[in-house]
Structures are given as structure tokens and as C-alpha cells.
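The values are calculated or read from the model by the stated rules, or taken from the named source; none is laboratory data. Remember, it's a predicted structure, so these values are computed and weren't measured experimentally. Virtual Cβ from ideal backbone geometry, glycine too; neighbours counted across all protein chains shown. Remember, those area values only see protein heavy atoms, side chains included, never the ligands or the DNA or RNA. Shrake-Rupley method; radii C 1.70, N 1.55, O 1.52, S 1.80 Å.
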Amino acid sequence: MEYLTEMEKELISVIIPCYNVEKYIDRCMESVLNQTYRNLEIILVDDGSTDGTGEIIKKYAEHDHRIKILHQKNKGAGAARNAGMEIASGSYIGFVDSDDWIAEDMYEYLIGIIKEEDADIAACDFYAVHGRLDKQKPAKKENMKRMGNKELMLFFFRVNGEKSFHAVWNMLYKRETIDRCRFPEGKITEDMLFNYRVYCNCEKYVLSNQKKYYYFYNPNGVTRKILGETDLALLHNWDVIVNDIKSRKPEMQQYARMNRWRADFTLLSKAYLYGYDKNEISKLQFVELIRQVKKHKKYLVRSKMLDWKRKVLLVLICCRYQQ
């Protein structure tokens, strides 16, 4: 591949789970295929689509040798990403969601950061897009946040009130940093548990404020407002982390527990605002959620993990569910 620059001789594997995205997959694919960094392996995992997604990605593969396609029964994004990781051969791994798209220089930019900073992971900021023609603010002056392992773990646990953000799609990972990590399958919030495991092994993480990813709020996506059984995966994943952190990083145990308590509050807030599905959440489960939030209220109110608006909401909720 004589046309590649010296930097481009290292392969980046881009894994894209695809499920019933015939309306959006063209936009996603064009943004990935037209990357200024050309040495890409593009792995499309058709997660049991029942619309025209499979035919669309097949046509792309026929015209670009960089594309590989996997087909599987519908198992969710976590399983699709795992399948892609099993066959990925790149020195770096990136993930893109099939209803989103990326700036044409995203991977050139991120791999440049990794090389210049000798980082294990490089991440960029993103635009939250509600429609194709949303006006986007111009890029800010570039600013880098560099974190060693301790700083990264504190960032993950949001000790100083950082925003909740555990997505994988705005990052580029060195392969060796994630080789032993896989996504939990059949659950939502799978990115959080995956990144926790990755971050435990990460020595240097660099976060840029430059917006290179376009996250599309898909009205047909998996998120729904009413609290349901699938939302309980958030509690399960934090239970896994609380138990795991004891042996990995015992100095972080309190922060893990605080996040587990916050997860109770997050779910109860959702039920308070939008209701809960009584066919999926039992009365006993709901009462236990209330009990846990009230039990840990004082710790959450005193912490930096909640901003003042959420602390007000916490007090309102505890008053609402007085028993």
C-alpha cells in the first residue's frame, strides 16, 4: 500500500454494530469510508437486522476491500462488538454506532494524539444531534486533559462531579489495552462496565475538547423514558464493579459504592419523572429502590457527584416517597 503515509502503516479496526438502520447506515458508512486516515479495517456486524440493512452493507463491501461483514442473530450491541473484536486485526480499535457519523479526520486526529502523547487511549468530544441539519458550534481552542491511571479512575467514578459519560464511540484504543476485555452481553449500559475494565489497565488517557463525533438521538433507539426491567442492568453493573474493585484497587472502594448508591437514585428519578412499568418492576423492587435512596441520601447530598439541581431532586423524591 504505497500510498499510505508513515503513520498510516498501522491498521485501525473500526467496529460498527448494525441493527435495523437502513435509514441511517449510508450516512455512517460515508463518514467512515471517507476518513483522511485510510488504513482502516471496517467490521460491520449485522445483529439480526430485519429491514434492508444487510443488503445495504453488502453493497458497500462489494466496492471497498477494507470492509468485513459478520452476521449473527440479534444479541445486542455488546455481543456485536465482541464478535467484531474477535476478528479485528488492527493495532488500534475504534467503535462507531451505525446511526451516528464521524468527522472526516477523527481517526487521523486520535491516532496522532496517541503517538504524540504515548497514550493508551485518546478520546474526543462530540456533538449531540437531534436532526441532520442541526447547527453546530464552531470548535473551541484545542485543550487536552491528560490522565494517569489514578486520575482516570477518579474521572470514571466522577469524584469531582464530572458528567456521566461512559460511551466507547468517541475513543481510539491501543489494542493491547483492551485485548482481554469484552462487553457484557444482553444488557444495556454495557459500555460502562467495559470501560471500567479497560481503565483499570490504562496507564495514560488523553481527552481532547475537539468535537469529532456526531451522536444522533435516534427516536427509534433502545432508550425509553419509563423505568423498566432492562434499566436494572445499571445496578447489576455497579454491583460487579463494587465487588471487583476490592481486589483491583481497594483505595477506590468508597467511590465505587457511592456510584452504586447514585445508580439507585438515577433509576428512582426516572420512575419519579416518567413512571415505571408495573409488569416488569415488582412493587417489592420499587420499594427497595426507595429504601436504598433514602438510606444513602445524606452521603449523596454531601458529595460532589451530584450538582445542586440533582440534590434538590433527591430531596423532593425522598419527600414524595415518605413512608
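Here are the numbers:
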| quantity | calculated |
| --- | --- |
| Per-region count, segment 279-317, residues touching a helix residue (DSSP H, G or I) at 6+ places or on another chain (Cβ under 7 Å) and surrounded by fewer than 16 Cβ atoms within 10 Å (Cβ to Cβ) | 3 |
| Output for segment 17-40, where each listed residue is under 21 Å from Gly94 (Cβ atoms), of a type outside the set (Lys, Arg) and surrounded by fewer than 19 Cβ atoms within 10 Å (Cβ to Cβ) | Asp26, Glu30, Ser31, Leu33, Asn34, Thr36 |
| Cβ pairs under 7 Å, 6+ apart, first in segment 297-308 and free of Cβ contacts under 8 Å to residues at least 12 places away in the same chain and closer than 17 Å to Leu154 by Cβ, second open to solvent by 90 Å² or more (accessible area, probe 1.4 Å) and in a helix (DSSP H, G or I) | none |
| Pair list, Cβ < 6 Å and 6+ apart or interchain, from segment 136-164 residues that are within 18 Å of Gln210 (Cβ to Cβ) and open to solvent by 50 Å² or more (accessible area, probe 1.4 Å) to residues that are of a type in the set (Ser, Thr, Tyr) and at pLDDT 90 or above | Gln136/Tyr127 |
| Any hit, segment 218-233, residues being hydrophobic (A, V, I, L, M, F, W, C), at pLDDT 95 or above and buried (at least 19 other Cβ atoms within 10 Å of the Cβ) | no |
| Qualifying residue in segment 265-276 (condition: without any contact (Cβ under 8 Å) to a residue 12 or more places away in the chain, in a helix (DSSP H, G or I) and hydrophobic (A, V, I, L, M, F, W, C)) | no |
| Those residues of segment 220-264 which are in contact with a Leu (Cβ under 9 Å, 6 or more places away or on another chain) and outside any helix (DSSP H, G or I), in sequence order | Lys225, Leu227 |
| Every residue from segment 162-180 that is more than 14 Å from the chain's Cα centre (by Cα) and not β-branched (Val, Ile, Thr) | Glu162, Lys174, Arg175, Glu176, Asp179, Arg180 |
| Positions within segment 236-261 being under 23 Å from Ile317 (Cα atoms) and modelled with pLDDT under 95, in sequence order | His236 |
| Number of positions in segment 184-202 that are at pLDDT 95 or above, more than 23 Å from Glu108 (Cβ to Cβ) and part of a loop (DSSP other than H, G, I, E, B) | 0 |
| Unmet criterion (only one of (1) farther than 18 Å from Ser164 by Cβ; (2) open to solvent by less than 70 Å² (accessible area, probe 1.4 Å); (3) touching a helix residue (DSSP H, G or I) at 6+ places or on another chain (Cβ under 6 Å)) for Arg248 | (2) |
| Search result, residues across segment 60-104 that are open to solvent by 50 Å² or more (accessible area, probe 1.4 Å) and closer than 27 Å to Val129 by Cα | Asn74, Lys75, Glu104 |
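Table: residues versus (1) in contact (Cβ under 8 Å) with a residue 40 or more places away in the chain; (2) not β-branched (Val, Ile, Thr).
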position: Ile43; (1), (2): yes, no
position: Ile56; (1), (2): no, no
position: Ala83; (1), (2): no, yes
position: Ser89; (1), (2): yes, yes
position: Ile102; (1), (2): yes, no
position: Asp105; (1), (2): yes, yes
position: Lys115; (1), (2): yes, yes
position: Asp118; (1), (2): yes, yes
position: His130; (1), (2): yes, yes
